[in-house]
Amino acid sequence: MRRVTLNISVIGTGYLGATHAACMAELGFDVIGVDVDPEKIESLSRGELPFHEPGLPELIRKHVDSGRLRFTTDMSEVGAWGDVHFIAVGTPQVKGGTGADLTYVDAATTSLVRSITKSGALIVGKSTVPVGTAARLYDLVQEQKNPGVELSLAWNPEFLREGFAVEDTLRPDRLVVGTRTEADEAKLREVYAEALGRDTPWVSTDFETAELVKVAANAFLATKISFINAFAEVTETVGGDITTLADAIGFDDRIGRKFLNAGVGFGGGCLPKDIRALQTRVAELGLDHSMKFLDEIDQINLRRRKKAVARAFELLDQDVVGKKIAVLGITFKPLSDDVRDAPGLDVAARLFNAGADVHVYDPEGNKNAAKRYPRLGYVDSLTEAVKDAELVVLTTEWNEFKALTPADLQDLVAAKRFVDARNVLPAAQWEAAGWTFAQLGRKFNG
Ligand code: UGA
């Protein structure tokens with residue numbers, strides 16, 4: 001194995017930080033993860049994660065056991081030791097607003113800078129931030145660093161997807177670094193030498209571009225999804241098949257088929273908040289119009305949730321009160337237990353608020369969803385959820401749900417009614433088996 005010499009710290013051990021720390025250890029570095037939450041540090045040290053991510057607990061355990069990875073709440077431990085410090089704390093949507101909350105990034109950077117005594121270290125921002133943040137933090141670092149300590153800052157956005165976090169971190173499709181000196185870029189090349197050896201595209205740029213690449217990528221993905229969902233609104237009205245339409249335009253290489261799956265829309269901790277934060281930031285810069293279209297992207301997306309609920313009402317002849325409805329899938333996407341801004345949870349809550357007797361089943365998301373909406377009925381199996389249901393609504397395309405056939409459910413449900421809000425089941429087969437079956441992006445004839 002290559003001899004690696006850099007000591008790496010990762011500040012913030014949530015989704016991004018825990019993955020980054022484990023993957024840096026996998027690449028051969030000595031790594032310390034730092035977090036202000038002692039409980040999180042204790043469980044990570046045992047290789048236990050407070051969230052679901054395939055392959056990550058095993059990787060953490062492997063490197064905690066090998067001694068290459070450890071976790072602490074004590075920032076001073078890394079200040080005297082680290083050569084490269086990654087900032088990987090969250091930038092959630094600000095409460096009561098649409099911008100990004102930078103409290104954690106600012107607090108982590110300040111506390112880190114004050115603790116750094118090893119000269120020549122590099123601080124690398126990974127968090128998703130509004131453009132201009134890196135330049136501001138660069139100045140903060142220079143102002144607050146300890147006397148005699150040389151310190152620099154770089155920005156290196158992360159593009160990992162939940163559910164594929166380890167794979168995306170170890171084998172990224174590109175690496176983007178915003179730096180102010182060649183020495184800083186050289187140090188990051190050393191960190192990412194393994195990926196560079198595989199000819200991974202390396203984009204070396206300034207702070208502003210690096211920050212914007214991240215939000216531009218997420219805004220583009222959100223736009224693709226809302227674009228196809230806007231057409232779904234049309235095919236729902238005039239007829240036509242949204243999936244065939246997506247397939248047909250997707251054959252054009254310039255368009256591509258990915259992220260053109262119409263349905264109940266996007267959710268999660270990234271796409272929704274990132275498009276809102278981007279609009280807010282450009283408005284602050286006096287450019288209200290440049291990103292105005294993202295408001296429409298957001299609105300199209302939110303309308304999809306209402307449409308899924310409207311379909312449920314249609315199938316129940318507008319009377320949901322007291323009706324047992326099974327909602328399958330409550331996470332924002334499969335292979336995750338994340339319910340932040342999750343379309344399925346929103347649909348379930350709306351049906352519940354309208355008086356339906358909602359029974360939710362998700363392979364991983366029930367626990368998190370119950371913290372947000374304790375009043376919904378959560379059950380531990382698909383069978384329990386659909387038993388005697390008047391209507392089944394599929395809102396997250398877990399494999400377990402995609403594999404369903406009419407025969408699996410027909411003896412369990414009270415009535416053969418189904419809303420496939422992710423368009424993943426073969427409608428013709430369900431209709432042939434006598435189900436009243438609706439999808440989003442297809443006209444529903446009752
Ligand atoms: C997203 C980006 O894909 C990552 O590249 C980025 O690093 C990450 O945000 C982040 O900023 O940290 P993620 O939030 O894990 O990743 O989820 P995606 O796989 O992008 O899915 C987002 C949502 O779009 C899900 O609710 C999914 O169901 C929905 N979606 C996706 C559709 O409705 N249709 C599609 O065709 C694709």
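The values are calculated or read from the model by the stated rules, or taken from the named source; none is laboratory data. Being a predicted model, the structure only gives us computed values, none of them experimental. For neighbour counting, all protein chains shown are included, and Cβ atoms are generated from backbone atoms with ideal geometry for every residue, glycine included.
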With a cut-off of at least 1 residues that are away from the ligand (no atom under 16 Å from the Cβ) and touching a Leu at 6+ places or on another chain (Cβ under 6 Å), name the helices (runs of 4 or more DSSP H) lying wholly within segment 110-200.
133-144, 182-191, 193-197
Condition first: hydrophobic (A, V, I, L, M, F, W, C) and on the phi > 0 side of the Ramachandran plot. Now tell me which residues in segment 312-342 satisfy that.
335
Cβ contacts < 7 Å: first residue assigned by TED's automatic domain parsing to the domain that holds residue 47, restricted to segment 61-80; second residue part of a loop (DSSP other than H, G, I, E, B) and hydroxyl-bearing (Ser, Thr, Tyr), any location; separation 6+ or different chain. Result?
71/13; 79/117; 80/117
Can you spot a residue in segment 216-227 that is of a type in the set (A, V, I, L, M), without any contact (Cβ under 8 Å) to a residue 60 or more places away in the chain and in contact with a Gly (Cβ under 9 Å, 6 or more places away or on another chain)?
no
Just checking, which of 251, 259 is surrounded by fewer than 20 Cβ atoms within 10 Å (Cβ to Cβ) and within 19 Å of residue 301 (Cα to Cα)?
259
Test for residue 360: is it in a strand (DSSP E or B), over 21 Å from residue 436 (Cβ atoms) and either assigned by TED's automatic domain parsing to the domain that holds residue 335 or touching an Asp or Glu at 6+ places or on another chain (Cβ under 6 Å) (or both)
yes
Considering (1) surrounded by 21 or more Cβ atoms within 10 Å (Cβ to Cβ); (2) touching a Lys or Arg at 6+ places or on another chain (Cβ under 9 Å); (3) of a type in the set (Phe, Trp, Tyr), say which one residue 15 fails and leave the rest.
(2)
Answer yes or no: is there a residue in segment 400-408 that is without any contact (Cβ under 8 Å) to a residue 24 or more places away in the chain and under 21 Å from residue 237 (Cα atoms).
no
Just need a number here: residues in segment 235-292 that are farther than 22 Å from residue 133 by Cβ and assigned to a loop (DSSP other than H, G, I, E, B).
22
For the list (1) out of contact with any helix residue (DSSP H, G or I) (no Cβ under 6 Å at 6 or more places or on another chain); (2) assigned to a loop (DSSP other than H, G, I, E, B); (3) of a type in the set (D, E, K, R); (4) within 16 Å of the ligand (Cβ to nearest atom), I need the number of the one condition that residue 306 fails.
(2)
Exactly one of 277, 326 is buried (at least 22 other Cβ atoms within 10 Å of the Cβ) and either within 17 Å of residue 217 (Cα to Cα) or among the charged types (D, E, K, R) (or both), and that residue is 277
Hey, can you tell me all the residues within segment 211-234 that are surrounded by 15 or more Cβ atoms within 10 Å (Cβ to Cβ) and either more than 12 Å from the ligand (Cβ to nearest atom) or not in a helix (DSSP H, G or I) (or both)?
211, 212, 230, 231, 233
Hits in segment 229-287 (condition: of a type in the set (A, V, I, L, M, F, W, C) and under 19 Å from the mean Cα position of the chain (by Cα))
259, 260, 262, 264, 266, 270, 271, 275, 277, 278
Within segment 286-295, identify whether any single residue is in contact with a helix residue (DSSP H, G or I) (Cβ under 6 Å, 6 or more places away or on another chain) and without any contact (Cβ under 8 Å) to a residue 24 or more places away in the chain, and answer yes or no.
yes
Taking the residues in segment 237-268 that are more than 20 Å from residue 161 (Cβ to Cβ) and touching a Ser or Thr at 6+ places or on another chain (Cβ under 9 Å) as candidates, determine which candidate is farthest from the ligand (Cβ to nearest atom).
241
Sole exception among (1) closer than 25 Å to residue 243 by Cβ; (2) in the same structural domain as residue 247 (by TED's automatic domain parsing) for residue 380, by number
(1)
Within segment 333-355, the residues that are assigned to a loop (DSSP other than H, G, I, E, B) and under 21 Å from residue 422 (Cα atoms) are 333, 334, 335, 336, 337, 338, 339, 340, 341, 342
With respect to residue 364, is the statement that it is over 21 Å from residue 220 (Cβ atoms) and either in contact with a strand residue (DSSP E or B) (Cβ under 8 Å, 6 or more places away or on another chain) or modelled with pLDDT under 95 (or both) true?
no
Count of segment 343-400 residues which are hydrophobic (A, V, I, L, M, F, W, C) and within 20 Å of residue 50 (Cβ to Cβ):
3
